[in-house]
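Derivation of every value follows stated rules applied to the coordinates shown; laboratory data play no part. Just so you know, these numbers come straight off a predicted model, no measurement behind them. No Cβ is skipped: glycine too gets one built from the backbone with ideal geometry, and neighbour counts run over all protein chains shown.
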Amino acid sequence: MNITQKCSHSLSQQGLDLIFEQVLSGGQIFKDRNLLRHDYVPTSLPHREEQIRRLGSVLAPALSKERVSNIFAYGKTGTGKTIVARFVLDRLQKKARDYGRAVDTSYVNCRLSGTNYRVIADLCRALGQEVPFTGLAVGELLDRLRDALKSRGSAFLVVLDEIDALVKRSEDDSVLYELTRINESLEGGWIGVIGISNDLHFKDFLDPRVLSSLGEEELVFKPYSSDELYDILSDRAEAAFQPGALEDGALRLCAAMAAGEHGDARRALDLLRVAGEIGERGREKGILESHVRLAQQKVEHDRVTEVLSSLPLHSRILLIAVLHSENARKESLVTGDVYEVYRELCAAAAVESLTQRRVSGLLNELDLMGIVNARVVSFGRYGRTKKIRLGVEPRAVTSTFGSDGLVRGLLEYAPKSLPKQHAR
Ligand SMILES: Nc1ncnc2c1ncn2[C@@H]1O[C@H](COP(=O)(O)OP(=O)(O)O)[C@@H](O)[C@H]1O
Ligand SMILES: [Mg+2]
């Protein structure tokens with residue numbers, strides 16, 4: 001080893017030591033960054049007092065075994081629906097324990113659970129009823145759920161979060177119908193459903209019978225204003241950052257940017273955390289507005305990449321179909337155009353294509369995630385269709401899917417059903 005190698009070796013070791021020690025001592029910026037994580041439940045939720053009180057009052061009768069109304073909560077992403085539901089349920093559960101009351105609770109995220117089967121299976125398991133991961137009919141699962149409720153004789157409060165994903169994926173709300181009707185055939189135990197949707201128009205998807213039963217009570221979550229986000233962030237930042245590490249201007253900017261983004265508290269927290277990490281990596285003493293601006297770019301890029309990488313095969317093919325169609329045509333796309341290209345791509349990839357109805361469901365989902373923008377337009381007596389546009393940078397699609405062996409080839413493929421593309 002020569003001298004320079006030795007030098008840089010010991011330097012890098014020193015540098016590394018410094019990095020580790022900074023983290024061990026909490027660093028100059030963060031005191032506890034975990035407090036900025038999405039799943040952290042703070043002890044107070046500013047500007048949601050009204051929703052907490054309403055939800056608490058609707059669910060409280062469960063403590064004396066009385067039936068509660070089902071409740072339907074909706075609002076855009078990041079408006080505090082999940083955190084409020086968890087907050088209220090946690091406290092109710094604790095009260096029930098303290099007073100020895102039989103209340104069971106379960107929280108299911110329908111988008112993550114994915115299918116009707118898995119959602120109902122999760123509920124069965126929450127009541128201690130073992131069920132296989134696949135293989136039964138959903139009707140059979142519902143019977144087992146009913147049996148479990150009967151034998152426990154308890155109040156069962158169920159949060160079905162992102163419930164819209166369940167219905168949109170299968171374009172079928174019969175499971176919700178069955179769930180909300182279970183009580184009719186029960187004595188003793190009962191179930192109360194708290195349905196949560198990020199989609200304000202979800203109600204239009206539901207059968208009126210489901211809607212009237214699920215929406216016995218409604219709870220609306222409005223977007224946070226910039227000032228409200230500022231309060232929320234200040235509360236959480238106080239414990240998360242070292243004293244003096246966060247400039248007030250930087251905090252205000254996070255709040256203002258997230259307020260522009262439909263009042264999204266999740267976005268505000270992400271901006272703050274990432275700005276902190278950027279400052280930390282740059283060995284800065286504090287977080288400035290410039291760090292927040294850099295954070296904004298990173299957060300947006302990460303969001304899109306994360307959503308794209310989690311898409312299942314057919315949604316990927318569909319998105320590539322939208323990309324090709326948009327590249328090749330000047331006029332706006334309608335569902336039928338995209339479907340044709342999608343089918344061609346499926347054939348090219350030797351994958352069996354889904355029906356237009358299913359594809360339309362997938363488009364709804366992509367729309368929900370902000371990956372495409374689909375707008376329903378009416379053609380007078382010719383009926384309705386959707387106008388579709390890509391909702392993200394084409395480059396994000398090509399770079400994320402470029403490393404996916406299954407669909408990579410489709411990015412280069414020139415669909416015959418489209419006019420020839422000119423180099424752009
Ligand atoms: N009033 C609030 N006070 C503190 N944190 C909040 C508040 N509202 C939302 N958050 C935080 O913002 C993030 C998004 O909230 P969440 O409840 O997941 O939104 P939604 O379910 O409506 O999409 C979560 O990390 C949550 O902890
Ligand atoms: Mg949520």
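Stokes-Einstein diffusion for the chain, with the hydrodynamic radius set to the Kirkwood value over Cα pairs and evaluated at 4 °C in a medium of 1.567 mPa s, equals 53 µm²/s.
Counting Cα-Cα pairs of segment 49-221 in 10 Å increments starting at 0 gives whole-percent bin shares of 10, 42, 38, 10, 0. The relative contact order of the chain comes to 16 percent, based on Cα pairs under 8 Å that sit 6 or more residues apart.
Within a straight-line Cα-Cα reach of under 20 Å, LYS168 can be paired with the following lysines, leaving aside sequence neighbours fewer than 8 residues apart in one chain: LYS76, LYS81, LYS203, LYS386, LYS387. Local charge for ARG97 was computed over the other residues whose Cβ lies under 14 Å away, with Lys and Arg +1 and Asp and Glu -1, and equals +1.
A straight Cα-to-Cα reach below 26 Å connects LYS31 with the lysines LYS285, LYS298, residues fewer than 8 places away in its own chain not being considered. When THR134, THR79, THR335 are arranged by Cβ crowding within 10 Å, least crowded first, meaning fewest neighbours, the order is THR134, THR335, THR79. One chain, two ends: GLU130 and ARG384. Fully extended at 0.36 nm per residue, the span grows by 86.9 nm beyond their Cα-Cα distance. Calculated mean residue ellipticity at 222 nm for the chain: -16500 deg cm²/dmol, from DSSP H runs with n ≥ 4 weighted as -39500 (n - 2.57), summed, divided by the residue count and rounded to 500.
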